[in-house]
Amino acid sequence: MNCNKNTTTFDEYLTNRYGKLGTETRSEFESKAKSYVLEELLKEAKQNHLNDT
């Protein structure tokens, strides 16, 4: 899947890059992205907790 200069929204970018919602490639990307966000939130919470003590 190719990205091009005519892509105007982030959703279009994701569709061009990873396929339509529900496809295996897009679902895998969404899963990894959510895992990454959760990991970063946990790191931030841990850092805040350490700074509070």
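Yes or no: region 4-26 includes at least one residue that is surrounded by fewer than 10 Cβ atoms within 10 Å (Cβ to Cβ) and touching a residue at least 12 places away in the same chain (Cβ under 8 Å). Yes, region 4-26 contains at least one residue that is surrounded by fewer than 10 Cβ atoms within 10 Å (Cβ to Cβ) and touching a residue at least 12 places away in the same chain (Cβ under 8 Å).
Could you check, for region 1-9, whether at least one of its residues is under 17 Å from the mean Cα position of the chain (by Cα) and outside any helix (DSSP H, G or I)? Within region 1-9 (the criterion being under 17 Å from the mean Cα position of the chain (by Cα) and outside any helix (DSSP H, G or I)), the answer is yes, since at least one residue qualifies.
When region 10-48 is filtered for residues that are assigned to a loop (DSSP other than H, G, I, E, B) and small (Gly, Ala, Ser), the ones remaining, listed by number, are Gly19, Gly22.
A short reminder: the numbers here are calculations on the coordinates, not readings from a lab. Everything numeric in this text was worked out from a predicted model, so none of it was measured. FYI the Cβ positions are ideal-geometry reconstructions off the backbone, even for glycines, and counts take in every protein chain you see.
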